[in-house]
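Read the structure below first, then the notes.
The values are calculated or read from the model by the stated rules, or taken from the named source; none is laboratory data. Nothing here was measured: the structure is a model prediction, and the numbers come from that model. Cβ atoms come from the backbone with ideal geometry, glycine included; neighbour counts cover every protein chain shown.
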Amino acid sequence: MTIPDFSIFAVIGFDYPVVAVKFSAVEPADLPRLNKRLAFCEMLKEAQDAGGFYATMDEHSCKVGPYVLGQIPHDPVAESGRIGPMLGVYESADANRRLYSDMLRFPVGSATYTLFSRLDDLRFEPDLIVITATPSQAEIVTRAHSYSTGTGWETRGTTVAGCACLYAYPHLTGKLNMLVSGLHHGMKARNLFPQGLLLISIPSPLLPMIVDNLRTMAAKNQIDLPQYHWGKDAHEKHMRELVQRLTEEMVDEATSLTAT
């Protein structure tokens, strides 16, 4: 087993530890079992505060987690859609039920154990990492995601069952996903994070590219771009000069091609 080198993330200076997550059908031998019951969304904060652990269905205090992880095949009460209207998060059971027709879930039996670890004590190859970032820090991560390919990023969320969007969706699609703290019912009710932070889930297929891009950006002093500190007038002046220079270069290139 090769543990990836994520040390480059330190250049961003996150206020919260980055957490690695793995979904396994095999019980880990080198992590302690969680000694309390928590909601799936709470386990991220627990790993940040207390370090690594693994959890089974028995450690989940909210039924949504085992449902998303495929540890239970159905949840008739939730799937009825009748909870949401009683909480004021959906107008009708029909609206609430649509959540479950669109939700990505793990295949039953594929994620019996969920492993969590901070990057500074990583003992497994992660299926994804979750970054808790300010908007300025998130800008660096999303720029690294697009830096070498131009591929856009997305924010896909739901009013409830935010854990499905935080864990299952990025892992099962291979796409980076981003949630905003304060927008998801369970996380907000549990006061997990200050409002307005970005929770960025990066699945393992994207991690080598993003790590390499961050290293390149650091080598070119492009982690914190200087134009973000110039102010509007200086930025717009720089953009006008840049466009003018490129226009002249393109004219010169076209003239040179015509001449030959």
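Side notes on the structure shown:
- Scope segment 155-181; condition touching a Pro at 6+ places or on another chain (Cβ under 8 Å) and assigned to a loop (DSSP other than H, G, I, E, B); matching residues: GLY174, LYS175, LEU176, SER181
- Counted residues, segment 137-168 - those being out of contact with any His (no Cβ under 7 Å at 6 or more places or on another chain) and either touching a residue at least 60 places away in the same chain (Cβ under 8 Å) or not assigned by TED's automatic domain parsing to the domain that holds LEU69 (or both): 16
- Condition check for GLN222: free of Cβ contacts under 8 Å to residues at least 12 places away in the same chain, assigned to a loop (DSSP other than H, G, I, E, B) and under 23 Å from GLY150 (Cα atoms): yes
- Applying the criterion of being in contact (Cβ under 8 Å) with a residue 24 or more places away in the chain and basic (Lys, Arg) to the residues of segment 172-210, the residue that is farthest from THR159 (Cα to Cα) is LYS175.
- Cβ-Cβ under 6 Å pairs, at least 6 apart or on other chains, segment 74-91 side surrounded by 14 or more Cβ atoms within 10 Å (Cβ to Cβ), far side part of a helix (DSSP H, G or I) and among the small types (Gly, Ala, Ser): GLY81/ALA93; ARG82/ALA93; TYR90/GLY84
- Just one of the listed residues (LEU207, LEU197, LEU214) is buried (at least 20 other Cβ atoms within 10 Å of the Cβ), on the phi < 0 side of the Ramachandran plot, among the aliphatic types (A, V, I, L, M) and under 14 Å from the mean Cα position of the chain (by Cα), namely LEU197.
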